[in-house]
Structures are given as C-alpha cells and as structure tokens.
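The values are calculated or read from the model by the stated rules, or taken from the named source; none is laboratory data. The shown structure was predicted, so the numbers you read here are calculated from the model rather than taken from an experiment. Note that each Cβ is placed from the backbone with ideal geometry, even for glycine, and that neighbours are counted across all protein chains shown.
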Amino acid sequence: MAAGERDLFRDSVRSFVAAEVSPNAEELDRHGVFPEDLFGRMGELGFFGLRYPEDVGGQGADFGTACVMYTELAFGSLSLAAICAMQSLMGTHFVHRYGTLEHHERYLLPALRGESVATFALTEPDAGSDLGAMKTRAKKVDNGWVINGAKTWITNAPVASFLTVGAKTSDEAGIRNIALFLVDVDNPGFSVGRPIEKLGVRSSLTSEVSFDDCFVRDDSLLGEEGDGVRNIGGVLAEIRVMTAALAVGLSRRALEDAVAYSKERQAFGRSIGKFQSIEHKLAEMETSLYASSLMTDDAAARIDRGEPSPHRSAMAKLFATEACARIVDETTRIFGSYGFAMEYAAQRYFRDARFLLYGGGTSELLRGIIGRGVLGEDK
Ligand SMILES: Cc1cc2nc3c(=O)[nH]c(=O)nc-3n(C[C@H](O)[C@H](O)[C@H](O)COP(=O)(O)OP(=O)(O)OC[C@H]3O[C@@H](n4cnc5c(N)ncnc54)[C@H](O)[C@@H]3O)c2cc1C
C-alpha cells in the first residue's frame with residue numbers, strides 16, 4: 001500500500017478504536033468475556049481479510065499495513081488486538097495456503113467476514129518452546145487420520161469453529177514428523193476445556209483442547225506430512241513482527257497516559273513532570289518506543305520486499321516486547337498508588353504486556369536465536 005493510502009487506513013482504524021474499542025476496553029478486561037460484537041465489527045471492516053487476496057474476500061494489503069492495524073488495535077485494547085491477530089494470521093493462514101476450495105468456502109470465507117472464529121493449536125501441557133516434545137499423535141487410517149492428544153493455551157478456543165492443529169505422525173523424536181491438520185470443532189472426539197483464568201488479555205479467552213480418537217478426512221492434512229514446522233517457519237517472521245507491532249501500540253498508549261498524568265498530577269507545588277526523575281523516565285520510555293517502532297517497521301518492510309530476516313524479526317520482537325514491559329512498569333510508577341488501583345488503566349497495561357513475552361518465542365529463546373546468528377552458528 002502506498003504511504004498516503006496507509007495513512008488513510010491508519011486514520012480509519014484510529015477512528016474505530018477511539019469510538020468503539022477504547023471506551024469498552026476496561027469492561028472487556030473486567031468481565032473477561034469474548035467481545036462478539038466487536039469481533040463482528042472487525043470482520044465487517046475487513047480487518048481479518050486485510051492481507052488475503054480478493055478472491056477469498058480479502059483486500060490484498062501488504063504486511064506493513066497489517067502492522068499498522070495491529071498497533072492501532074493494541075492502543076485501544078490488547079485483548080481485541082490479540083483476537084484479531086489470531087484470526088487474521090495463524091488461525092486462517094494455513095487454511096488459506098494449504099486448504100481445498102471446499103475448506104475455503106466452508107471455513108476461510110466466513111472467518112474472514114467475522115462470522116466464525118479460527119484458532120491455531122501447537123502448545124501442549126509438556127511442550128511449549130520445545131516442539132519436539134509434542135505428544136499429540138495423528139495416526140493414518142482409511143480415508144483420513146485419527147488424532148489423540150491435548151493442547152493448552154489455545155487462544156479463542158472456547159468460541160472457535162475450527163482450528164489448525166500440530167500433531168506428530170510417528171513416534172520419532174524431533175520436529176520433522178509434525179504435520180498440520182484442519183479440525184472442525186463439531187468433529188466427534190474433539191472437546192474444549194475450561195478457559196484458563198489469566199492475568200491479562202482477559203477477553204481473549206484461552207483454554208485447553210483435547211482430541212480423543214478425533215477423525216479427520218485425508219484432505220484435512222494442511223501441507224505435506226512432515227512439513228508442519230517448516231510451514232510454520234514460513235510465517236514465523238510475520239508472527240514475531242506482528243507481536244512487536246502489538247507491543248508498539250500498547251507502549252504508545254501507556255506513554256500517552258503517563259505524559260498526561262505527569263502534567264496533571266501536582267506534588268510539592270508543581271506538576272510531577274517537572275521533577276527530573278519523572279522527566280528522565282519519560283525520555284527513556286519515548287526513546288525505547290521510537291526504537292521499537294523503527295525496528296518493527298524495518299522488519300515488516302523486509303517481509304514486504306520478500307526478504308524476511310529471521311534475525312531482525314527476532315530482534316524486533318525481543319526489543320519491542322521487553323521495551324513495552326518496561327514502559328508499562330514505569331507508567332504504573334508515574335501514577336504512584338493510582339497505578340495500583342483497578343479504576344485506572346495503568347494496571348491493565350501492566351498485566352496485558354506480560355502476554356507479549358511468550359507467544360512467537362520467549363525472550364530467552366529469542367536471545368538464543370539472535371546470539372547464534374551473531375556467532376554465525378545458525379547457518
Ligand atoms: C495468553 C497466551 C495465549 C497463547 N495462545 C496460544 C495459542 O493460541 N496457540 C498455541 O499453540 N500456543 C499459545 N500460547 C502458548 C505460547 O506459545 C507458549 O506459552 C510459549 O511457546 C512458551 O511455552 P511454555 O509456556 O510452555 O514455556 P516453556 O517452553 O516451558 O519455557 C519455560 C521457561 O524456559 C525458557 N526456555 C525454554 N526453552 C528455552 C531455550 N531453548 N533457551 C532458553 N530458555 C528457554 C523459557 O524462556 C521460559 O522462561 C499462548 C500463551 C499465552 C500466555
């Protein structure tokens with residue numbers, strides 16, 4: 001998208017966020033329920049299909065434009081932004097890329113219109129960063145596969161209609177035997193557990209799911225058997241940069257609130273922003289946010305040029321999410337005890353920011369990847 005068009009798009013998402021998201025963000029967090037109306041609105045506005053081609057109802061936008069959307073939504077509510085990220089990226093990507101025309105008609109198109117919820121299930125109770133430890137198995141039978149196992153931390157699972165699931169097709173160790181399958185939640189043998197009570201992003205519901213002799217047809221295999229991790233790797237840079245874009249939005253929101261409070265709150269006969277210690281905090285926050293934005297934009301532009309850099313995407317995710325965790329922490333300090341009060345939003349930013357530290361690779365894992373890149377050991 002040309003720069004002018006992207007700016008217009010940014011303005012339109014900003015207007016939506018100001019009118020419909022920010023006023024509801026506290027309510028969404030407090031009640032921790034899936035925001036059906038806002039989900040439908042995001043579908044109507046074309047957010048879920050933003051990057052998909054027109055033949056499936058999308059708008060064919062580039063990744064940089066999608067990052068603008070993720071950032072602006074995170075400015076309003078990280079819960080809502082997380083829901084949109086799952087629906088527009090991991091939840092639908094593999095169905096679009098590897099699904100049949102029937103899958104597109106039945107699953108993808110309604111999901112992009114905001115009429116059904118999609119999700120992606122990889123993590124297991126005993127296998128998070130270490131995908132090779134995955135225990136979920138898909139066994140080949142006549143005309144299809146039978147899946148057994150359990151997944152956890154699955155975003156939107158309690159309200160999802162279908163999911164892309166990672167399962168091993170043999171008992172071999174490692175990750176070369178992981179395949180992706182499309183599973184309809186109405187399939188016999190599939191069930192959803194209780195939502196996990198979470199610290200943050202509370203209206204993006206998360207739960208365990210189980211597969212107990214869950215049969216799926218042959219055409220439910222998304223991509224080649226054994227190519228699951230390679231295919232996930234194909235969108236990993238996007239997942240990481242998307243997470244960095246979310247961090248930029250939440251950071252900007254927290255900083256804006258911190259600046260406003262620093263001007264308004266009086267202590268010792270002056271506004272607290274006049275104390276050098278507060279001024280320095282704001283300077284550090286602004287500088288980190290600026291660097292986060294530049295790294296995110298650069299990594300996104302590389303993806304749009306067809307030159308995705310695993311190294312730079314990992315650095316953008318690591319830097320922007322860690323910066324966000326510091327910015328929201330400083331915001332609560334600037335708010336003094338009011339940063340500890342539920343009636344102020346600062347505590348929500350603080351809780352929500354933690355979510356960004358896990359998905360798409362924890363900071364510890366990313367430092368390992370970046371470090372091996374620096375040493376040239378990743379070749
Ligand atoms: C709100 C939320 C929503 C989520 N949604 C989804 C979803 O929709 N689908 C899905 O599949 N998953 C989802 N996840 C799961 C997420 O992807 C995992 O939590 C993440 O991959 C980390 O796995 P883990 O929590 O099992 O931690 P572990 O992998 O067990 O890590 C534990 C600790 O060990 C460290 N560690 C592990 N390996 C290494 C290493 N090689 N080097 C250095 N340190 C290491 C980690 O950094 C961490 O500090 C979600 C998580 C959250 C919190």
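The table for this structure:
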quantity	calculated
Selection from region 43-78 of residues that are under 15 Å from the mean Cα position of the chain (by Cα) and of a type in the set (A, V, I, L, M)	A66, V68, M69, L73, A74, L78
Residues that are polar (S, T, N, Q) and more than 30 Å from R202 (Cα to Cα), drawn from region 122-175	N143, T169, S170
Matching residues in region 92-121 - criterion: being buried (at least 24 other Cβ atoms within 10 Å of the Cβ) and either within 8 Å of the ligand (Cβ to nearest atom) or among the small types (G, A, S) (or both)	A111, A118, T119, F120, A121
Residue check, E124 closer than 30 Å to G249 by Cα, away from the ligand (no atom under 11 Å from the Cβ) and modelled with pLDDT of 95 or more	no
Residue check for S262: modelled with pLDDT of 95 or more, in the same structural domain as L357 (by TED's automatic domain parsing), in contact with a strand residue (DSSP E or B) (Cβ under 9 Å, 6 or more places away or on another chain) and of a type outside the set (D, E)	yes
Residues satisfying the stated conditions in region 122-139, i.e. under 19 Å from R97 (Cβ atoms) and surrounded by fewer than 22 Cβ atoms within 10 Å (Cβ to Cβ)	none
Those residues of region 15-56 which are charged (D, E, K, R), surrounded by 15 or more Cβ atoms within 10 Å (Cβ to Cβ) and assigned to a helix (DSSP H, G or I), in sequence order	E20, E26, D29, R41
Exclusive hit being over 19 Å from V159 (Cβ atoms), within 16 Å of the ligand (Cβ to nearest atom) and in contact (Cβ under 8 Å) with a residue 40 or more places away in the chain, set Y52, Y70	Y70
Options E307, E286: the member that is out of contact with any helix residue (DSSP H, G or I) (no Cβ under 6 Å at 6 or more places or on another chain), assigned to a helix (DSSP H, G or I) and among the charged types (D, E, K, R)	E286
Tabulated pairs, region 5-17, first within 11 Å of T65 (Cβ to Cβ), second of a type in the set (F, W, Y) and surrounded by 12 or more Cβ atoms within 10 Å (Cβ to Cβ), C-beta under 9 angstrom, 6+ apart or interchain	V13/F47
Qualifying residue in region 359-370 (condition: within 25 Å of S203 (Cβ to Cβ) and touching a Gly at 6+ places or on another chain (Cβ under 6 Å))	no
Close pairs (6 angstrom Cβ cut-off, 6 or more residues apart or separate chains): more than 19 Å from A245 (Cα to Cα) in region 353-379, outside any helix (DSSP H, G or I) and more than 7 Å from the ligand (Cβ to nearest atom) anywhere	R372/D378
Output for region 69-91, where each listed residue is under 11 Å from L50 (Cβ atoms) and surrounded by 24 or more Cβ atoms within 10 Å (Cβ to Cβ)	M69, Y70, C84, Q87, S88
Some residue of region 365-373 being at pLDDT 95 or above and away from the ligand (no atom under 16 Å from the Cβ)	no
Region 179-209: number of residues that are more than 26 Å from E105 (Cα to Cα) and part of a strand (DSSP E or B)	6
Residue that is nearest to Y261 (Cα to Cα) [pool: residues in region 321-363 that are assigned to a helix (DSSP H, G or I) and among the β-branched types (V, I, T)]	I334
Hits in region 122-140 (condition: under 20 Å from the mean Cα position of the chain (by Cα) and either in the same structural domain as L357 (by TED's automatic domain parsing) or among the charged types (D, E, K, R) (or both))	E124, D130
Hits in region 232-258 - residues which are out of contact with any Gly (no Cβ under 7 Å at 6 or more places or on another chain), under 18 Å from A82 (Cβ atoms) and surrounded by fewer than 22 Cβ atoms within 10 Å (Cβ to Cβ)	V235, L236, R252
Failed condition for R217, given (1) surrounded by 20 or more Cβ atoms within 10 Å (Cβ to Cβ); (2) closer than 23 Å to H93 by Cα	(1)
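To keep it simple, each residue is scored yes or no on (1) more than 22 Å from the chain's Cα centre (by Cα); (2) touching a residue at least 40 places away in the same chain (Cβ under 8 Å).
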{"site": "A267", "(1), (2)": "yes, no"}
{"site": "F275", "(1), (2)": "yes, no"}
{"site": "H280", "(1), (2)": "yes, no"}
{"site": "E284", "(1), (2)": "yes, yes"}
{"site": "A291", "(1), (2)": "no, no"}
{"site": "M295", "(1), (2)": "no, yes"}
{"site": "E322", "(1), (2)": "no, yes"}
{"site": "F340", "(1), (2)": "yes, no"}
